[in-house]
Amino acid sequence: MSNKQLVFLLFLMVFPHKSNAQSGTNLEEINKVWYTFYQAFDSLDYKLMAAIHSKNLTRISGGKNIMNYETYINNYKSRFYKAKKKKQTSEISLRFFERINNDSIASERGIYKLVRNKDHEQTYYGQFHVILKKEQGIWKIVMDYDSNEGNTITEKQYLQAHGITDYHIFIKEQFK
């Protein structure tokens with residue numbers, strides 16, 4: 001083995017290659033974050049919300065204000081407490097029109113549907129853009145933006161986006 005080959009081999013060992021390829025495995029791991037997100041709304045448990053967000057979170061709500069992690073989580077703590085006290089329910093689901101990832105960062109965009117009070121149902125829709133990064137090997141939300149776009153997001157747009165387990169749509173997109 002030549003010195004150049006040896007140096008190259010040592011380089012690869014010290015600086016392992018990170019794939020930039022879109023990965024179904026990454027989407028499966030990221031979906032664990034989303035399932036916890038769903039569970040947080042369903043159980044009204046702010047601690048679940050805290051667990052999936054980075055302490056370095058930037059939250060942009062409705063295109064109107066910017067919050068940090070502490071403010072965002074405290075808002076959910078208060079909101080979920082009040083909902084529990086009033087015996088309200090909350091269920092959220094996501095559909096996607098963009099899912100881009102590599103082994104350390106992901107960008108996810110789509111439409112959410114929030115249903116409150118199943119008995120006297122109120123349904124809300126909005127568009128979201130979330131950036132996730134791996135922190136110590138665990139996917140965390142580091143940026144979360146959503147907006148109802150002036151109440152123009154509807155069930156139609158929600159249904160046009162892709163389901164959370166439609167991985168094949170997003171993996172194929174990379175190779176077009």
Open item on the list: Being within 22 Å of residue 125 (Cβ to Cβ) and within 15 Å of the chain's Cα centre (by Cα) is the filter here; which residues of segment 35-52 pass it?
Closed with: 35, 36, 37, 38, 39, 40, 41, 49, 52
Task: Residue count for segment 53-78, restricted to those that are over 17 Å from the mean Cα position of the chain (by Cα) and not β-branched (Val, Ile, Thr) - done: 8
Open item on the list: Cβ-Cβ under 7 Å, sequence separation 6+ or interchain: first residue in segment 147-176 and modelled with pLDDT under 95, partner among the hydrophobic types (A, V, I, L, M, F, W, C) and not in a loop (DSSP other than H, G, I, E, B). Which pairs?
Closed with: 167/27; 170/27
TODO: Kindly indicate whether any position in segment 111-133 is assigned to a helix (DSSP H, G or I), of a type outside the set (A, V, I, L, M, F, W, C), farther than 30 Å from residue 169 by Cα and modelled with pLDDT of 95 or more.
DONE: no
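Every residue in segment 114-173 that is among the basic types (Lys, Arg) and closer than 23 Å to residue 39 by Cα, please.
To start, the set of residues in segment 114-173 that are among the basic types (Lys, Arg) comprises 116, 118, 133-134, 140, 156, 172.
Of everything in segment 114-173, those that are among the basic types (Lys, Arg) and closer than 23 Å to residue 39 by Cα turn out to be 116, 118, 133, 134, 140.
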TODO: Could you please let me know if residue 115 is within 30 Å of residue 166 (Cβ to Cβ), over 16 Å from the mean Cα position of the chain (by Cα) and of a type in the set (A, V, I, L, M, F, W, C)?
DONE: yes
Open item on the list: Among the residues of segment 138-150, are any of a type in the set (S, T, N, Q), under 17 Å from the mean Cα position of the chain (by Cα) and part of a strand (DSSP E or B)?
Closed with: yes
Task: Candidate set: segment 61-103, residues that are assigned to a helix (DSSP H, G or I) and small (Gly, Ala, Ser); chosen: the one surrounded by the fewest Cβ atoms within 10 Å (Cβ to Cβ) - done: 78
TODO: Scan segment 58-74 for residues that are closer than 22 Å to residue 125 by Cβ, at pLDDT 95 or above and in contact with a helix residue (DSSP H, G or I) (Cβ under 9 Å, 6 or more places away or on another chain) and report the count.
DONE: 3
Task: All positions within segment 112-148 that are surrounded by 15 or more Cβ atoms within 10 Å (Cβ to Cβ) and of a type in the set (D, E, K, R) - done: 113, 116, 133, 134, 140, 144, 146
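The values are calculated or read from the model by the stated rules, or taken from the named source; none is laboratory data. Here the structure is a predicted model, which is why all the values come from computation and not from measurement. Note: ideal-geometry Cβ built from the backbone for every residue, glycine included; neighbour counts use all protein chains shown.
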